[in-house]
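The values are calculated or read from the model by the stated rules, or taken from the named source; none is laboratory data. Since this is a predicted model, take the numbers as computed values, not measurements. Here the Cβ positions follow ideal geometry from the backbone for every residue, glycine too, while neighbour counts run over all protein chains shown. Note: areas computed on protein heavy atoms with side chains; ligands, DNA, RNA excluded. Shrake-Rupley method; radii C 1.70, N 1.55, O 1.52, S 1.80 Å.
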Amino acid sequence: MKHAVISCLHANLSAVEAVLGDIDRQGIETITCLGDLVGYGPQPNEVVELIRDRKIETCQGCWDEDIIDGLDACDCSYPSQLAERRGHMAHQWTTEKLTNENKEFLASLPTSIRRGRSLFVHGSPNSQHEYLLPDMDAFAALERVEMSGADTLFCGHTHLPYVRELGNGSIRVNIKNASDREREDTKMTLPMRRIVNAGSVGEPRHGGVNATYVIHDDIKNDVEIREVAYDIDRTCEAIIEAGLPHVFAWRLSNGFEFAELAEDASHVCER
């Protein structure tokens, strides 16, 4: 059986529709969503309602949590004070636009989903806000997976899709007692574990403009990272019409996060 894992939809209806269409065309019926249904994008209600209508099992992302608990819940880092102000503006805008029913749905989401030996989270098993970056220290990364009791940890939050295999090695620990006469070597064998990051459907930051998600084959235990093109202009225009910062549209059309000088609307959707 194959199942799809999607993450970081960020109120981008065009991207979500394109990815769900790609999943449907492959005949995949099981979909797990790793959260961040809202934030930055112009269609928060439409995206939440689509996930609800499709009955897609979803865990709570950091934006989903922050909309419910307020900005004080967020310990995510921003690249600059300017970016932080934009983020707060998007938070306020999204809070005002979301219906009470959709807010209740976001509040009801679990922080993790367990299926067999797989665990699905937004950021990490510790927090929706923790980034498991692909170059994270190997032992720290292995600890996140091992302590969660999973063989494979599916996450999002970074907007960077990747598959990282950890383990199949060993650590030797030399223990010296107080008398300095006896030594004991302890060897620990590390299990093979994996971290799979689904990237982002609604706000790719991997250097490309296509939405990303992953497909996991439960039988072969293979993971495929897929990219899906969508109507970026439609989303960019909706961002501008909504009065959200123009830079949100600019970076969608360029596929990365850092766009501090892109305030001029003439930059929007130039590809």
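Pairs under 7 Å by beta carbon, first residue over 23 Å from residue 11 (Cα atoms) in segment 192-206, partner open to solvent by less than 20 Å² (accessible area, probe 1.4 Å) and in a loop (DSSP other than H, G, I, E, B), six or more apart or different chains?
Note: pairs meeting the criteria are 195/132.
Note down all Cβ pairs under 6 Å where the first residue falls in segment 108-127 and is among the polar types (S, T, N, Q), the second is assigned to a helix (DSSP H, G or I), and they're at least six residues apart or on different chains.
What qualifies is 124/144.
Kindly provide the set of residues from segment 128-141 that are touching a residue at least 40 places away in the same chain (Cβ under 8 Å) and assigned to a helix (DSSP H, G or I), ordered by number.
Hit for segment 128-141 is 141, nothing else.
Where the second residue is open to solvent by 60 Å² or more (accessible area, probe 1.4 Å) and modelled with pLDDT under 95 and the first is farther than 12 Å from residue 41 by Cα and lies in segment 88-102, which pairs have Cβ atoms under 8 Å and are six or more apart or on separate chains?
As it stands, the answer is 88/71, since those pairs meet every condition given.
I'm checking my understanding of the structure. Among residues of segment 78-108 that are assigned to a helix (DSSP H, G or I) and polar (S, T, N, Q), which one is nearest to residue 247 (Cα to Cα)?
In this case the residue turns out to be 81.
Would it be correct to say that residue 57 is among the acidic types (Asp, Glu) and surrounded by fewer than 17 Cβ atoms within 10 Å (Cβ to Cβ)?
When the stated conditions are applied, residue 57 passes them.
Can you pull out the residues in segment 243-271 that are of a type outside the set (D, E, K, R), modelled with pLDDT of 75 or more and under 24 Å from the mean Cα position of the chain (by Cα)?
Across segment 243-271, the qualifying residues are 244, 245, 246, 247, 248, 249, 250, 252, 253, 254, 255.
For segment 93-111, enumerate the residues that are within 23 Å of residue 124 (Cβ to Cβ) and either among the basic types (Lys, Arg) or open to solvent by less than 40 Å² (accessible area, probe 1.4 Å) (or both).
Within segment 93-111, 106, 109 meet the criteria.
Give me a count of the residues in segment 38-62 that are on the phi < 0 side of the Ramachandran plot and either at pLDDT below 95 or hydroxyl-bearing (Ser, Thr, Tyr) (or both).
Residues flagged as on the phi < 0 side of the Ramachandran plot and either at pLDDT below 95 or hydroxyl-bearing (Ser, Thr, Tyr) (or both) within segment 38-62 amount to 2.
Report yes if residue 35 is within 21 Å of residue 123 (Cβ to Cβ), outside any helix (DSSP H, G or I), of a type in the set (Gly, Ala, Ser) and at pLDDT 95 or above, otherwise no.
The answer is yes for residue 35.
Mind checking which residues of segment 192-226 are under 15 Å from the mean Cα position of the chain (by Cα) and assigned to a strand (DSSP E or B)?
The answer is 195, 196, 197, 211, 212, 213, 214, 215, 225, 226.
Can you spot a residue in segment 234-241 that is in contact with a helix residue (DSSP H, G or I) (Cβ under 7 Å, 6 or more places away or on another chain), closer than 21 Å to residue 18 by Cβ and either assigned to a loop (DSSP other than H, G, I, E, B) or at pLDDT below 95 (or both)?
Looking for residues that are in contact with a helix residue (DSSP H, G or I) (Cβ under 7 Å, 6 or more places away or on another chain), closer than 21 Å to residue 18 by Cβ and either assigned to a loop (DSSP other than H, G, I, E, B) or at pLDDT below 95 (or both), one finds none in segment 234-241, hence no.
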